[in-house]
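Single-structure report; data block below.
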Amino acid sequence: MQEWIDNIKKCDSLEDLESLRIEILGKKGVLTAQFAKMKTIPNEEKKLFAANLNQQKTAITAALEDQKTLLLAKELEKELESEKIDVTKFEPSKNNGAYHPVASTLHQITSYFQNLNFSVEDGPLVEDDFHNFEALNLPAYHPARDMQDTFYCNDKMVLRTHTSPVQIRTMMKHKPPIRMVAPGAVFRKDFDITHTPMFHQIEGLVVENGDVVSFANLKFVMEEFLHHMFGDVNIRFRPSFFPFTEPSAEVDISCIFCKDEKTNKNKGCRVCSHTGWLEVLGCGIVDQNVFEAVGYENVSGYAFGLGIERFAMLIHKIGDLRSLFESDIRLLGQFR
Ligand code: DAH
């Protein structure tokens, strides 16, 4: 009997174990055959013989059961091992998301000014007439209101046409000195290859107590900023007009698409309308009427404003502004 039990314990598969069970306890099994012998045993020995057989049967049945339990546990363990998921394993994704070029340009410009200790301010997209126009020296009768194709919500509220109203909100909330930028969405009734009804701007404002801020300060900061963004470009300030600044300038950089590397001169191309220059921002010395509207006295400052999409298009050499808003994954995938 011990031999059978040893064989059972050596068994390493459920199929082999079942064969062994049939071999011992099946209809034609060796132990079953012993039971058949009962008939031939003399009566007085029957009791002992039967007790002995039953004992063997119990021991073998128990050994079979134990081995079965062991093999089932081993099988389960194997299964768990092969199906195991390592939740801590790091697999770099092949389809990583990335910042939209407008968002990354916005972050880049904002963080440039944050490094110069400018704060980042915010304002509502639905703006009132006072903040969007009136306080920025754009009274109702002023023809400069026509410069901006405004979406009116009603006769008092508009979708803000620029980020300049955040200047007003910030000055009404804080005392000078102020150094702030305000990035965000703006809205105008306009739609062609260079205009979309929603786009982004960043507004900048510096205000100091006393008559200390000069155009030279503004010029220096703008030149440093534009060299940071576009590298080695030429920069020119062109006299211009904005109601909220006096004097005002528009700033151009030499065209980054048609510069001749040898002569360092611009040949002119379609992007710069063959002028060799690209307009990139507006700026100026804050008009005293603006300070008056927010109740500031004896202060001086400069302001600037620029379109984020224009910067993104120039930095990434994107041809059509509208492609920035089409959410085409083939385009966006190039900016990972
Ligand atoms: N708000 C102007 C616009 O939307 C941009 C601008 C120009 C802002 C000159 C300024 C500035 O602060 O000084 O076109």
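The values are calculated or read from the model by the stated rules, or taken from the named source; none is laboratory data. Here the structure is a predicted model, which means the values were calculated and not measured. Cβ coordinates were reconstructed from backbone atoms using ideal geometry, including for glycine residues, and neighbour counts include every protein chain displayed. Just so you know, the surface numbers come from the protein's heavy atoms only, side chains and all, with ligands and any DNA or RNA stripped out. Shrake-Rupley method; radii C 1.70, N 1.55, O 1.52, S 1.80 Å.
What to note about this one:
- Residue count for the range 118-167, restricted to those that are within 11 Å of the ligand (Cβ to nearest atom) and not in a loop (DSSP other than H, G, I, E, B): 7
- Strands (runs of 3 or more DSSP E) enclosed by the range 229-306 - at least 1 residues per element that are of a type in the set (S, T, N, Q) and either crowded, with 20+ Cβ neighbours inside 10 Å or modelled with pLDDT under 95 (or both): 245-254
- When the residues of the range 179-196 are filtered to those that are away from the ligand (no atom under 13 Å from the Cβ) and touching a residue at least 40 places away in the same chain (Cβ under 8 Å), the one that is farthest from Ile308 (Cα to Cα) is Arg179.
- Among the residues making up the range 38-60, a single one is open to solvent by 60 Å² or more (accessible area, probe 1.4 Å) and touching a residue at least 12 places away in the same chain (Cβ under 8 Å): Lys57.
- Complete set of residues in the range 174-201 that are hydrophobic (A, V, I, L, M, F, W, C), surrounded by 13 or more Cβ atoms within 10 Å (Cβ to Cβ) and over 15 Å from Leu125 (Cβ atoms): Ile178, Met180, Val181
- Residue count for the range 85-117, restricted to those that are assigned to a loop (DSSP other than H, G, I, E, B) and under 20 Å from Gly184 (Cβ atoms): 3
- Residue list for the range 284-330, restricted to those being within 14 Å of the ligand (Cβ to nearest atom) and either under 19 Å from Gln108 (Cβ atoms) or not assigned by TED's automatic domain parsing to the domain that holds Val181 (or both): Phe304, Gly305, Leu306, Gly307, Ile308, Glu309, Arg310, Phe311
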